[in-house]
1. With label points built 7 Å along Cα→Cβ from the Cα atoms of LYS51 and VAL3, find their separation and express it in nm.
2. In a Gaussian network model over the chain where Cα atoms closer than 10 Å are linked, find which of ILE70, ILE91, ILE62 has the largest mean-square fluctuation.
3. With a point put 7 Å past each Cα toward its Cβ, work out how far PHE43 is from ARG75 in nm, to one decimal.
4. Tell me the mean residue ellipticity at 222 nm calculated for the chain from its helices only (DSSP H runs of n ≥ 4, each -39500 (n - 2.57), averaged over every residue, nearest 500).
5. Shape verdict for the chain, please, from the Cα gyration tensor: rounded (a/c under 1.5), prolate (a/b greater than b/c) or oblate.
6. Using a basic spin-label model with each label point 7 Å from the Cα along Cα→Cβ, how many nm lie between ILE62 and GLU10?
Amino acid sequence: MLVALIASIEGMLVCAARSKQGRARRQQLLMGTGTDLHRSVPFVDNYFQQKAVGATKFQRFIAGRLAAFIRRFVRARSFEYLLLHLIRTAINRRRNRILRLKRKVTL
């Protein structure tokens, strides 16, 4: 009984450690903060690579510079707050528009 209990606790600890490692690895992959910056999400990369076929050299240059700037900006906490502000503003606008329409319809 005691051996089974110890084995189950050890199994839970190993599972928790692997889960934490997996989350950290996924975050590094998606945010590009890992030591291996050449990792990618293959199906997304292939889709956008097909969409970008035929781009000129100048367009590739602009896209590369803009992506580098955005990567630097996204790593800041302020980007999250900016997104939150934009989402809240859009929701509030929509809510206000719906409320205005309801007021006009009432008899």
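1. Label-label distance for LYS51 and VAL3, simple model: 5.8 nm.
2. Sorting by GNM fluctuation, first place goes to ILE91.
3. Each label point lies 7 Å from its Cα, and together they span 2.9 nm.
4. When only DSSP H runs of four or more count, the value is -28500 deg cm²/dmol.
5. oblate
6. 6.1 nm
Every number in this text was worked out from the coordinates using simple rules, so none of it is lab data. As the structure is a computational prediction, the values presented were derived from the model and not from experiment. Here Cβ is always computed from backbone atoms with ideal geometry, including for glycine, and neighbour counts include all displayed protein chains.
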